[in-house]
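Contents: one structure, followed by commentary.
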Amino acid sequence: MADQERPYNIALHYFDVAGSARNFPAIIGKDFALSHHDLAQVIRGVAMHLARMNVGRGSLVALNSTNTVAILSTLFATALLGSRFCIASPTLARFKTVVPTHFLRTPEVAGHPAVPFQVLEAELFSPVSGWGDGADYTPSHPTDPWMFLHTSGTTGAPKFITLSQQMVRDRSAAVADDFPARATTFATFFPPTSRPFFARAIAALLQGCSIVEGIDTDHWLASGVNFVSASPSHMTKMMTGRRLPRKIERLEVSGSKIPPMAAKHYLESFDTVIDVYGASETSKSFSNKLELDATGEVVARGLPRDSEVEIVDDNLQPRKPGDLGTVRVRNTYMVDGYVNAPEATRKAFRDGWFYPGDIGCWGPNGDLDILGRDDEVLNVGGYKMQASLADLVVRSVEGVSEAVVFPNPLPNAADPLLAFVVFEDANGRHSISETIIEAFTRAFGFGLTLRNIKPVTDYPRDENGNPDRSACARMVLARARDLGELA
């Protein structure tokens, strides 16, 4: 088939890139470096192996792996075969919305007695001379479903979306400026099974850039990393009390709002800090560049992307800068709904717009300021407050590292709210808790009590690092049952 007649295939697209960036590293590990030529060879070999397992058009491959090379090569191999791909995650097993035809795993992860996993041995992911000569290209329509991904659950329970090869190509092209061709060495705190990783890793490969495996910052510096992506919770865990020995050029943070003090800290280790707003449903939609003004305070400056982002009132009319409203987004590569979830689709997708459920306003410098979620409102005796604002009030107290406030799930509880608090120093918990109560009372007119401030070392979060309040409530109920306080 002549190239001009050949339907678009993202694996063939990558092979063209690999031909141009033949000897440029694609994936860099601590003890290996795989060139783009070698990665393309591995993809062809994996495709041949999958074809022998009867993977083809219409198949859905579910992979359980922590191996970056295995995940990316299997992903592109499914594209070459016209089949589909998903991660064999607990969400996949729990919701059963998506039904794979093939369950695969790599040796470093355990199997499951109830799932017929086939093992992809480590040798399969090493480039071998001559591999790929017979790998068949299976034409499929570029808009057919390719990747099945579950959302983070910020619009409710996790749901699945599908991305076609064409959609992934368009999303990658939209962020190409973030990955200058063969000039970007990329690393991320997001695991290689997550949607944020896939979005950035595919874009990096299609630009002929390098991906550095793992989260060892010393390895990053030794490998010449100049672009890092993370969530605020990743940065809290990995960078609190630390400063890199030398600065990395660019940090991109996504998943939740960056507090000003955190942004100041990040700017000690990164030349540029970008706060990204986006969702699984739309990909990256808007960016704020965070920088210090002449007084040393953090200011945000809006950097519009190719998406339309609006903040509207209840009548869907645009709000003025500074006025709160509902955020909505649209672009040419957004999904149009969720897999087998018509009610959730009707709620989030209306008249060509995606409504992520966020409340925000436009700032003074064209920046997008997300203040909370319209479904994360704490109702205490008729008084309503944004849950994220309640978190912020508690976190702002000196001696508090992290905090999440959520409704008390215990029946007939005297205290309507509970707070999980990570204290910086366990010895000062009592006095810090009293300060929390004072701060909360000043902010909202009523207080927490000592008995509903619960010291923890961490709390449940979604894949973007945001507090998972439902999971926090389930922890409280489980603890009460263990203590015999619930039937």
GluC sites (Glu not before Pro) in region 274-339 lying in a DSSP loop, each with at most 11 other Cβ atoms within 10 Å of its Cβ, come to 297
For region 377-482, the dipole about the Cα centre with charges only on Cβ (Lys and Arg +1, Asp and Glu -1), to the nearest 20 debye, works out at 400 debye
Phi angles of region 83-89, converted by Karplus (6.51 cos²θ - 1.76 cosθ + 1.60, θ = phi - 60°) into ³J(HN,Hα) in whole Hz with x for Gly and Pro, give 9, 10, 9, 8, 8, 7, 9
Here the FRET efficiency for residue 218 versus residue 315, based on Cβ atoms and R0 = 51 Å and rounded to 0.05, is 0.40
Taking the alpha-carbon centre of each part, the distance from region 289-354 to region 370-406 in Å is 21 Å
Here region 201-212 yields Karplus 3J(HN,Hα) values (6.51, -1.76, 1.60; θ = phi - 60°; whole Hz; Gly and Pro given as x) of 5, 5, 4, 4, 5, 5, 9, x, 9, 10, 10, 9
Applied in sequence order to region 304-313, the curve 6.51 cos²θ - 1.76 cosθ + 1.60 (Karplus, θ = phi - 60°) yields integer Hz couplings, x standing for Gly and Pro, of x, 9, 8, 8, 8, 10, 10, 10, 10, 8
Going from the fewest other Cβ atoms within 10 Å to the most, one would list 213, 123 as 123, 213
For region 377-482, averaging the sequence separation of alpha carbon pairs under 8 Å that lie six or more residues apart and dividing by its residue count, the contact order in percent is 25 percent
Measuring from its Cα centre, the chain shows a charge dipole (+1 at each Lys and Arg Cβ, -1 at each Asp and Glu Cβ) which, in debye to the nearest 20, is 660 debye
Output row, site residue 182, 7 Å Cα→C-beta label point, backbone N cut-off 15 Å, window region 210-252, residues 210
Excluding residues fewer than 8 positions from residue 96 in its own chain, the lysines with Cα under 25 Å of it are 159, 347
A correct fewest-to-most ranking of 353, 362 by other Cβ atoms within 10 Å would be 353, 362
Ranked output for segments 45-51, 313-319, 102-108 by mean other Cβ atoms within 10 Å, highest leading, reads 45-51, 102-108, 313-319
The long-range amide H neighbours of residue 286, using H built 1.01 Å from N in the peptide plane and a cut-off of under 5 Å, are 277
With -39,500 (n - 2.57) per DSSP H segment of 4 or more residues and division by the full residue count of the chain, the 222 nm estimate, nearest 500 deg cm²/dmol, is -8500 deg cm²/dmol
Expressed in nanometres to one decimal, the distance between label points 7 Å along Cα→Cβ at residue 22 and residue 483 is 6.8 nm
Looks like the chain, by Cα gyration tensor root eigenvalues a ≥ b ≥ c and the a/c under 1.5 rounded cutoff (else prolate when a/b is bigger than b/c, oblate otherwise), is prolate
Simple SL model, points at 7 angstrom along Cα→Cβ for residue 141 and residue 249; separation in nm is 4.1 nm
Least to most buried among 270, 85, by other C-beta atoms within 10 Å and fewest first, runs 270, 85
The distance between the Cα centres of region 424-456 and region 222-282, in whole Å, is 29 Å
With DSSP loop assignment and no more than 12 other C-beta atoms within 10 Å, the trypsin sites (Lys or Arg not before Pro) in region 205-253 are 242, 243, 246
Between residue 449 and residue 291, the FRET efficiency computed from the C-beta separation at R0 = 45 Å comes out, to the nearest 0.05, as 0.65
The relative contact order of the chain, taking Cα pairs under 8 Å that sit 6 or more residues apart, comes to a percentage of 10 percent
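Computed from the coordinates by the stated procedures, all read-outs in this text should not be read as laboratory data. No experiment lies behind these values; they were computed from the predicted model shown. As a convention, Cβ positions derive from the backbone with ideal geometry for all residues, glycine included, and neighbour counts pool all protein chains shown.
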